[in-house]
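Colleague: This structure is in structure tokens; I'll ask about it shortly.
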Amino acid sequence: MNPEITAARAYPITDYLAAKGIQPERTTAGKAFFYSPFRAERTPSFCVYLNSNRYQDFGTTEKSSDIISLVMKLEGCSFKEAVSRLLAAQGQFTPIREQFTPADPTQSISLKKVKALENRALLQYMESRGINPQLVR
């Protein structure tokens, strides 16, 4: 497994929530109960399992999940961005490295010239959608 992902998953959910100003309402052996960060409620239904660093929102039908999923859901970001944010919060500013194969330097890149859009039906459609025809061309 990717070491950055492993490090991000190790960030304690309780620390992440505390940084967002969310404190537990009660703590029992191995569990911390919070009011859900996703909705208003009178009884805490958001449980963090302290030993496994996983959470479960009992106000939904979702199964338990990890901190990366929580960050994605709370902050509306991608998996990669959630991992980056968690690493930054831990002081590990290492960006996630993309898995790719380098381009072959012996191959050349050819660029093609693009013609202006002239199809009347497409231009009319774009205009009907409120898109400036000059911009489309």
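All of the numbers you see were taken from the coordinates with simple rules; none came from a lab. Nothing here was measured: the structure is a model prediction, and the numbers come from that model. Positions of Cβ are generated from backbone atoms using ideal geometry, with glycine treated the same way; all protein chains shown enter the neighbour counts.
Colleague: How many nm separate the modelled label positions at residue 80 and residue 120, each set 7 Å beyond the Cα in the direction of the Cβ?
Modeller: Label at residue 80, label at residue 120, 4.4 nm between them.
Colleague: Report, ordered by chain and residue number, the lysines lying within cross-link reach of residue 73, taken as a straight Cα distance under 26 Å and ignoring same-chain residues fewer than 8 apart.
Modeller: Candidates past the 8-residue exclusion: 20, 31, 63.
Colleague: Further question on the same structure: What aspartates and glutamates could a cross-link reach from residue 80, if we take a straight Cα to Cα line under 13 Å and drop same-chain neighbours fewer than 8 places away?
Modeller: Within the straight-line cut-off, residue 80 pairs with 4, 98.
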